[in-house]
1. Residue under question is residue B:172, and the condition is that it be free of Cβ contacts under 8 Å to residues at least 12 places away in the same chain, assigned to a loop (DSSP other than H, G, I, E, B) and either away from every other protein chain (no Cβ under 11 Å) or within 28 Å of residue B:13 (Cα to Cα) (or both); does it hold?
2. Within segment B:212-225, is even one residue more than 8 Å from chain A (Cβ to nearest Cβ), closer than 28 Å to residue B:124 by Cβ, in a helix (DSSP H, G or I) and modelled with pLDDT of 95 or more?
3. So for segment B:56-69 (the condition being surrounded by fewer than 22 Cβ atoms within 10 Å (Cβ to Cβ), under 30 Å from residue B:296 (Cβ atoms) and outside the structural domain of residue B:153 (by TED's automatic domain parsing)), does at least one residue qualify?
4. If you go through segment A:6-26 one residue at a time, do you hit one that is crowded, with 23+ Cβ neighbours inside 10 Å and assigned to a strand (DSSP E or B)?
5. Which of the residues that make up segment A:129-143 are more than 14 Å from chain B (Cβ to nearest Cβ) and touching a helix residue (DSSP H, G or I) at 6+ places or on another chain (Cβ under 8 Å)?
6. When you scan segment A:239-335 for helices (runs of 4 or more DSSP H) that lie fully inside it, which ones turn up with 1 or more residues that are within 14 Å of chain B (Cβ to nearest Cβ) and at pLDDT 95 or above?
7. Hey, can you tell me all the residues within segment B:118-169 that are closer than 22 Å to residue B:197 by Cα and assigned to a strand (DSSP E or B)?
8. Could you tell me whether any residue of segment B:240-248 is on the phi > 0 side of the Ramachandran plot and surrounded by 20 or more Cβ atoms within 10 Å (Cβ to Cβ)?
């Protein structure tokens, strides 16, 4: 499947979905839309993923099957400056795949146009309509359940989940990711966006994901948010209790001291944070933080290596940056 | 407003909404529907609330303005054995007020019938459609914010909130409840059912409730669920961080050792539970558990008094049963 990815004004640092698809997705990416970087290429920014040219608008992009909305703004709204490109994509016969809270399929103009041009508007954040409350049974699944958790949002939980899956598969293990967010869903082709689920059903939806994966050597559940985040902690807690993990991988952004976008709130120190995750899990599945991942994006290699060492020492467990290095030591600690 | 309350097979012990309305609501209750207790009266079960006769079916109930669905089954579904009574109510010109996840206004038969008979189907659990993520600003409201929290569901958080409000008002304080569940909303006439909100917006919806109440001497935020509940912990956490309380009131059911309906999971011991609530709040608003409430329903008075004393000793703070006794000591500890 050939796709273009919309990432206006955000590529690559604030375009988590775009970068995730470039890195792990099973798509051929024919172009990135970013009006701040026309004429450049992905490799000018990210040397280690598939390359693609960057365009200013959809009219310039080579023929493809779908346009993917590759940015996820706070609140999940639709940015009206994207409307021309989405309209062009539909008129050119492309499906549009989006993970916004705002459903493109409920936008009157897009819905009408999509019907005319016989293309699909796929809102991957739309949850199944038969969800219900958790039974408390995810832990009964015959698999080692590992959950990636974070000290903040956008700290590498999705990336860590897929890197760990790939490393486990390289060892011959039967491993899967249970995707809980829009990018993970776009990469894996299935999943439920837990943040879009009715809060009463969020743990139940996570439980269903684990039970749908079923018997495996290991399931990496993609975590969301952070346990004491001012806005998203409820999603994190629902996943922690719904997934009933055996082990946790703590993901952190090197040097991060306050919550991104909520700078009046300090992150707890790492030892306190670990205690909190383990104490919250204790009555349900008794998970322990057995390893860590640290995002050192943009740091010189020496500083990054120091940051990894410091983080591993602070959490007293193996840690790495899963984008820079292999995750073998981390995987060892989880199995 | 004259209302009948549907509570089939659940009155009074498993009909929290029915009992809440009888105790705190501003309605004249003309009858309870419970096919297990026809011919009896509310006073046969609950001597301290407004009395009303109990009927087997809606056809027997005196004329009234509305039928209230007064039970909230796990999962919030509609029980098809209620259909005849709801149909009868609509045909008799009654509005129907429900707090289910299943919206009566989206039930084809009821919607058609309601249009024919010009009555309203009010689904109080339907959230506003313009919710968004929390800004982390509830604590800026000029009010003492107190949150009722529980060791389990149905442990008395709604009751405690209204009893504390009434006691504060008796002292001449400007006090309000911020209702977060269907019964509280039915009693207060406004609010948002946080468990029905998209999980990403649950903290934001709580923040909006607190900000809508605005400047007060004290706001009692009605809590939901429990912090380590296998299914509902996400809702609890969202409210804890969205409301940014200054103080917490821990509500407990005397003798409860396992989660109701989830008996394979033990409740943490009370000191551990308090630590967990306080540690989870610490990075956001630093709330402390300053008092407790214990539900001793059905216990002989001596045993109840012992249970209250034991609970107060265990949590090392003033405590009472807000249905049996006044809440003055508890209120003192919160102001």
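1. Details: free of Cβ contacts under 8 Å to residues at least 12 places away in the same chain: yes; assigned to a loop (DSSP other than H, G, I, E, B): yes; either away from every other protein chain (no Cβ under 11 Å) or within 28 Å of residue B:13 (Cα to Cα) (or both): yes.
For residue B:172, the condition - free of Cβ contacts under 8 Å to residues at least 12 places away in the same chain, assigned to a loop (DSSP other than H, G, I, E, B) and either away from every other protein chain (no Cβ under 11 Å) or within 28 Å of residue B:13 (Cα to Cα) (or both) - is met.
2. So the first thing to find is which residues in segment B:212-225 are more than 8 Å from chain A (Cβ to nearest Cβ), and the list is B:212-225.
If we keep only those that are closer than 28 Å to residue B:124 by Cβ as well, we get B:212-225.
Add one more test, that the residue is in a helix (DSSP H, G or I), and what stays is B:212-213.
From the residues that got through so far, the ones that are modelled with pLDDT of 95 or more too are B:212-213.
Within segment B:212-225 (the criterion being more than 8 Å from chain A (Cβ to nearest Cβ), closer than 28 Å to residue B:124 by Cβ, in a helix (DSSP H, G or I) and modelled with pLDDT of 95 or more), the answer is yes, since at least one residue qualifies.
3. Filtering segment B:56-69 down to residues surrounded by fewer than 22 Cβ atoms within 10 Å (Cβ to Cβ) leaves B:56-57, B:59-60, B:62-63, B:65-66.
With the extra rule that they be under 30 Å from residue B:296 (Cβ atoms), the set shrinks to none.
Within segment B:56-69 (the criterion being surrounded by fewer than 22 Cβ atoms within 10 Å (Cβ to Cβ), under 30 Å from residue B:296 (Cβ atoms) and outside the structural domain of residue B:153 (by TED's automatic domain parsing)), the answer is no, since none of the residues qualifies.
4. For segment A:6-26, residues crowded, with 23+ Cβ neighbours inside 10 Å and assigned to a strand (DSSP E or B): present.
5. Residues of segment A:129-143 more than 14 Å from chain B (Cβ to nearest Cβ): A:141-143.
The answer is A:141, A:143.
6. On the way: elements: A:270-281, A:301-315, A:328-334.
It comes to A:270-281.
7. B:121, B:122, B:123, B:145, B:146, B:147, B:148, B:149, B:150
8. First, the residues of segment B:240-248 that are on the phi > 0 side of the Ramachandran plot: B:244.
Filter once more, so that each one left must be surrounded by 20 or more Cβ atoms within 10 Å (Cβ to Cβ): B:244.
Within segment B:240-248, one or more residues are on the phi > 0 side of the Ramachandran plot and surrounded by 20 or more Cβ atoms within 10 Å (Cβ to Cβ).
The values are calculated or read from the model by the stated rules, or taken from the named source; none is laboratory data. Model, not experiment: these values are computed from the prediction. When we count neighbours, we look across all protein chains shown, and the Cβ atoms used for this are built from the backbone with ideal geometry, even at glycine.
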